[in-house]
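Each remark here refers to the structure printed beneath this line.
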Amino acid sequence: MRKTILYYFLLFGSNVAFSQPLDRSNWFERNIKIRQSMETAEFREVPAQFQITLPKSDSSSWLVNVGVSMNLSSKSTRWISSLIAEYHKNTLTAVEQHNMQAAYGFSGLIKRGAKKSWFLNGNAGYTYDEISRSHSLMGNFLFTFMGDRGPINTYKFASDTGSRFYISPFLGFQIQETMQAFDEASQGLLLRPLFTLSAYFDIIRKKTLTPDPLLRIAVDYTGRTDLVNSTNIDEGYTQLLQSGVEWFLVDKPIRVSLGGSFNYGSDPLRGLAKQQYWLLSLNLYK
């Protein structure tokens, strides 16, 4: 008889980019964020995910997709910098994933306009992939903008405030220098232009100044290609689609939701091979 225990933890942080709590006594709330990936964490609500399967007479299986960032002290009102750690392990799918990252993260305002403001987001650091036994230096440099009335990186509310819509687009590039790997063919430099597009539609539970969602429909897509590739492996165009529905049970002090998602594609930097799977989850936000 198999016994399965599911643990799921999703993002911690605010719904509005760059918002900072006024209560300086709560260091954790002000400085710690948890997402699935961190280079665009100030704008995108891509959840961290956990699942553990513990059969009675067989080996355990894991799904862990989590990134944690700690803000560094700064006097700047235009720039956020952080230390980042990510861990990705998935033994539930056809091709296993086991990847770790440590990096410096950054997010800042680079130009403020009359109707929109432009931002640079990204990270730079080190990644290790256990499956390919590869060590790499990596960096993400992504640009986006914020509209003054939404829905671009700011919630756009319906006239009756019963629902809201949010779009988060990014355009930029990713660089990876694999210095050592079990398969020497994968060693070399990769420069990947990429774009991401995330969209969230929420049905609001309460019409207040800080409304909490009752139901969310979310879609997140990333596309990238290997413009520069000095390895002996042709990546070509790679993509990752994540879409799902969440039903929020509790909003404060911790947001809790039940959700289901469809996942298709790959993420070369995080060691996710191309595959397709469904995931049912209990999600936690802070």
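Looking at region 92-135 only, could you name the residues that are among the polar types (S, T, N, Q) and more than 20 Å from the chain's Cα centre (by Cα)? Working first, answer last.
To start, the set of residues in region 92-135 that are among the polar types (S, T, N, Q) comprises 93, 97, 99, 101, 107, 117, 121, 123, 127, 132, 134.
Scanning region 92-135 gives Ser117, Ser132, Ser134.
Could you say which residue among Ile131, Ile203 is in contact (Cβ under 8 Å) with a residue 12 or more places away in the chain and outside any strand (DSSP E or B)? Spell out the reasoning first.
Details: Ile203 fails: outside any strand (DSSP E or B).
After applying the criteria, what remains is Ile131.
Select from region 178-191 the residues that are in contact (Cβ under 8 Å) with a residue 40 or more places away in the chain and either assigned to a loop (DSSP other than H, G, I, E, B) or closer than 25 Å to Thr144 by Cβ (or both) and list them in ascending order.
Ala181, Phe182, Asp183, Gln187, Leu190
Take Asn123 and tell me if it is in contact with a Phe, Trp or Tyr (Cβ under 9 Å, 6 or more places away or on another chain), closer than 19 Å to Leu72 by Cα, of a type in the set (S, T, N, Q) and open to solvent by less than 80 Å² (accessible area, probe 1.4 Å).
Numbers: in contact with a Phe, Trp or Tyr (Cβ under 9 Å, 6 or more places away or on another chain): yes; closer than 19 Å to Leu72 by Cα: yes; of a type in the set (S, T, N, Q): yes; open to solvent by less than 80 Å² (accessible area, probe 1.4 Å): yes.
Here the answer is yes, as Asn123 does meet what is asked.
Out of the residues in region 225-278 that are of a type in the set (Val, Ile, Thr) and farther than 15 Å from Arg192 by Cβ, which is nearest to the chain's Cα centre (by Cα)?
Within region 225-278, the subset of a type in the set (Val, Ile, Thr) is 225, 228, 231, 233, 238, 245, 250, 254, 256.
Filter once more, so that each one left must be farther than 15 Å from Arg192 by Cβ: 245, 250, 254, 256.
Working: Val245: 16, Val250: 22, Ile254: 19, Val256: 18 Å.
My answer is Val245.
Among the residues of region 175-197, is any within 21 Å of Glu39 (Cα to Cα), of a type in the set (Phe, Trp, Tyr), open to solvent by less than 70 Å² (accessible area, probe 1.4 Å) and under 20 Å from the mean Cα position of the chain (by Cα)?
no
Can you tell me which residue in region 77-86 is nearest to the chain's Cα centre (by Cα), limited to those that are touching a residue at least 24 places away in the same chain (Cβ under 8 Å) and more than 15 Å from Tyr126 (Cβ to Cβ)?
This residue is Ser82.
Among the residues of region 154-162, is any part of a strand (DSSP E or B) and out of contact with any Gly (no Cβ under 8 Å at 6 or more places or on another chain)? I'd like the intermediate steps shown before the answer.
From region 154-162, those part of a strand (DSSP E or B) are 156-157; that's our starting set.
Filter once more, so that each one left must be out of contact with any Gly (no Cβ under 8 Å at 6 or more places or on another chain): none.
Checking region 154-162: not a single residue is part of a strand (DSSP E or B) and out of contact with any Gly (no Cβ under 8 Å at 6 or more places or on another chain).
Of all residues being of a type in the set (Ser, Thr, Tyr) and at pLDDT 80 or above in region 17-47, which is surrounded by the most Cβ atoms within 10 Å (Cβ to Cβ)? Just the residue, please.
That would be Thr40.
From the list Glu86, Glu130, which one is among the acidic types (Asp, Glu) and exposed (fewer than 15 other Cβ atoms within 10 Å of the Cβ)?
Testing whether each residue is among the acidic types (Asp, Glu) and exposed (fewer than 15 other Cβ atoms within 10 Å of the Cβ) leaves just Glu130.
Against the definition (outside any helix (DSSP H, G or I) and surrounded by 15 or more Cβ atoms within 10 Å (Cβ to Cβ)), how does Leu258 come out, yes or no? Don't jump to the end; show me each part of the working.
Working: outside any helix (DSSP H, G or I): yes; surrounded by 15 or more Cβ atoms within 10 Å (Cβ to Cβ): no.
Answer is no for this residue.
The values are calculated or read from the model by the stated rules, or taken from the named source; none is laboratory data. Every value quoted in this text rests on a predicted model; they were computed, and no experiment measured them. Please note: Cβ atoms are built from the backbone with ideal geometry, for glycine as well, and neighbour counts cover all protein chains shown. All accessible areas refer to the heavy atoms of the entire protein, side chains included, with ligands and DNA or RNA removed. Shrake-Rupley method; radii C 1.70, N 1.55, O 1.52, S 1.80 Å.
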